[in-house]
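Colleague: After the structure tokens below, expect a handful of questions from me.
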Amino acid sequence: MPSVNDPSLLIRFIEISVGLSSLTVVLMFVALVVIRTTNGVARKRRQALTGRWRAVFVTPYTGAPAPDPLPEIDRRDWFTVLQLFEQFHDIREHDRARAPIVFPVLDAMARKLALDEYAVELLKKKDVAERITALNVLGHMRDPRAFEVAVALSMDEGPEVSRAAAHAALRIDPEFVDRLLELVRDRDDWPRPRIEVMLREVAPERLDRAMRKALDVNDEAGRTRLLDYMRFCTPDAATAICRSILNDTTDVETVSAALRSLAPLAGEDDRAIALNYCRSPESAVALGALRVLRKCVHADDDVLLRELTANRDYWVRLRAAEVVVQLYGNIGLAEEFAEQHPDRYARDAIRQALAERKRMDARRAEPERRGSAAVAA
């Protein structure tokens with residue numbers, strides 16, 4: 001019987017270890033080759049599948065005839081084809097005017113392929129990605145079979161599922177806009193760009209009524225969120241709503257949001273509102289008021305502007321300086337206003353605003369110069 005200290009036993013153990021290590025390396029190499037080969041084949045197949053169906057779904061945009069008959073879809077390819085259809089339904093902004101022509105053709109093609117039936121089945125799944133894709137597709141196709149499920153899922157805790165469900169419900173039934181704005185008001189986990197996409201699809205006149213209803217609550221945080229989307233309403237309604245909110249609340253965030261939304265629409269009638277809030281100790285409110293004042297500033301506001309350009313808050317100083325430049329333009333009067341100001345920080349703010357105004361004017365003039373040069377040539 002060999003001893004534990006026998007050198008041959010140690011050598012034998014080393015030989016076995018080396019053999020096992022070599023076998024492991026070989027097996028790992030074979031597995032790597034198999035995985036890479038499988039992935040390569042799958043990648044090529046997916047590229048071919050994507051290319052084939054992109055060529056099919058692009059025909060409504062190009063006006064070319066669709067393949068007849070349409071290609072068959074393997075069971076394992078259904079989800080990929082559904083995703084491609086969804087991508088082609090997310091029309092680009094510069095193509096939006098063509099939507100009434102393109103979408104009916106695209107939807108008829110999808111129904112012929114039974115994509116809607118597959119999406120209805122997919123909606124019953126628990127997987128988040130599958131549900132969102134199904135909601136987007138059925139919403140694009142205005143399929144009423146998805147409406148009740150979409151309404152229920154719009155109250156889901158998950159932000160992505162709930163947002164996709166609300167969008168689908170809105171597309172299927174535009175009257176869902178009332179509930180949509182309540183959700184926007186009450187939820188703070190929906191991405192702002194996604195909300196804007198939804199609101200662009202609502203007729204501004206219909207949105208006016210829904211916005212008034214949704215804002216008629218005692219929830220300042222919710223009202224603040226809604227006020228950021230006033231630009232999707234008609235200008236008259238947005239102006240009236242902002243003025244009504246300002247008369248109805250003293251909450252700093254709500255007042256600031258109302259002033260911010262009013263600013264692009266402000267006119268001479270809003271001058272009293274701007275002057276009322278410009279001296280607010282809250283910087284956010286003063287900034288909103290200065291945005292409004294830019295649209296209706298008068299020469300006799302110079303005393304107020306002299307005070308505000310010396311404000312302790314940097315942004316208030318800068319916005320007040322922009323109002324000074326708006327009042328006097330990029331002519332010597334703005335520079336004279338700065339030189340006569342006793343506060344050096346105010347002088348710097350006015351000169352900074354004046355330099356920015358000159359840069360913007362030069363930038364706007366550049367295309368005109370290029371156009372003139374092209375005509376002359």
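The values are calculated or read from the model by the stated rules, or taken from the named source; none is laboratory data. Since the model is a prediction, treat every value here as computed from it, not as a measurement. Positions of Cβ are backbone-derived with ideal geometry, glycine not excepted, and every protein chain shown enters the neighbour counts.
Colleague: Restricting attention to the range 176-193, which residues are under 21 Å from Ile91 (Cβ atoms) and surrounded by fewer than 15 Cβ atoms within 10 Å (Cβ to Cβ)?
Modeller: Pro191, Arg192, Pro193 - these are the residues of the range 176-193 that are under 21 Å from Ile91 (Cβ atoms) and surrounded by fewer than 15 Cβ atoms within 10 Å (Cβ to Cβ).
Colleague: Under 9 Å by Cβ, and 6 or more places apart or on different chains, what pairs join a residue from the range 60-77 that is touching a residue at least 40 places away in the same chain (Cβ under 8 Å) with one that is part of a loop (DSSP other than H, G, I, E, B)?
Modeller: Pairs that qualify, where the first residue is touching a residue at least 40 places away in the same chain (Cβ under 8 Å) and the partner is part of a loop (DSSP other than H, G, I, E, B), are Pro60/Ala66; Tyr61/Ile91; Leu70/Leu113; Ile73/Leu113; Ile73/Ala114.
Colleague: Under 9 Å between Cβ atoms, which residue pairs at least 6 apart in sequence (or on different chains) link something in the range 314-327 that is among the polar types (S, T, N, Q) with a partner that is modelled with pLDDT of 90 or more and in a helix (DSSP H, G or I)?
Modeller: Close Cβ pairs (under 9 Å, with a partner that is modelled with pLDDT of 90 or more and in a helix (DSSP H, G or I)) amount to Gln326/Leu293.
Colleague: Assigned to a loop (DSSP other than H, G, I, E, B) and either of a type in the set (Ser, Thr, Tyr) or closer than 17 Å to Thr50 by Cβ (or both): does that describe Glu86? Full working, then the answer.
Modeller: Working: assigned to a loop (DSSP other than H, G, I, E, B): no; either of a type in the set (Ser, Thr, Tyr) or closer than 17 Å to Thr50 by Cβ (or both): yes.
Against the criterion (assigned to a loop (DSSP other than H, G, I, E, B) and either of a type in the set (Ser, Thr, Tyr) or closer than 17 Å to Thr50 by Cβ (or both)), Glu86 does not qualify.
Colleague: Can you tell which of Ala31, Ala66, Ala42 is over 29 Å from the mean Cα position of the chain (by Cα), assigned to a loop (DSSP other than H, G, I, E, B) and surrounded by 10 or more Cβ atoms within 10 Å (Cβ to Cβ)?
Modeller: Numbers: Ala31 fails: assigned to a loop (DSSP other than H, G, I, E, B); Ala42 fails: assigned to a loop (DSSP other than H, G, I, E, B).
Being over 29 Å from the mean Cα position of the chain (by Cα), assigned to a loop (DSSP other than H, G, I, E, B) and surrounded by 10 or more Cβ atoms within 10 Å (Cβ to Cβ) holds for just one of Ala31, Ala66, Ala42, which is Ala66.
Colleague: Failed condition for Leu49, given (1) in contact with an Asp or Glu (Cβ under 7 Å, 6 or more places away or on another chain); (2) modelled with pLDDT under 80, with all others met?
Modeller: Condition not satisfied by Leu49: (2).
Colleague: In the range 117-160, what residues are of a type in the set (A, V, I, L, M, F, W, C) and closer than 14 Å to Leu180 by Cα? Walk me through how you get there before you give the answer.
Modeller: Narrowing the range 117-160 to residues of a type in the set (A, V, I, L, M, F, W, C): 119-120, 122-123, 128-129, 132, 134-135, 137-138, 141, 146-147, 149-153, 155.
Of everything in the range 117-160, those that are of a type in the set (A, V, I, L, M, F, W, C) and closer than 14 Å to Leu180 by Cα turn out to be Phe147, Ala150, Val151, Ala152, Leu153, Met155.
Listed here are the residues, each with its yes/no results for (1) farther than 26 Å from Glu205 by Cβ; (2) of a type outside the set (Gly, Ala, Ser); (3) in a helix (DSSP H, G or I).
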| residue | (1), (2), (3) |
| --- | --- |
| Asp236 | no, yes, yes |
| Leu262 | no, yes, yes |
| Pro281 | yes, yes, no |
| Ala286 | yes, no, yes |
| Lys295 | no, yes, no |
| Val303 | yes, yes, yes |
| Arg306 | yes, yes, yes |
| Leu327 | yes, yes, yes |
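Colleague: Name the one entry in Tyr229, Tyr277 that is of a type outside the set (A, V, I, L, M) and closer than 22 Å to Arg179 by Cα. Reasoning before the result, please.
Modeller: On the way: Tyr277 fails: closer than 22 Å to Arg179 by Cα.
After ruling out the rest, the residue left standing is Tyr229.
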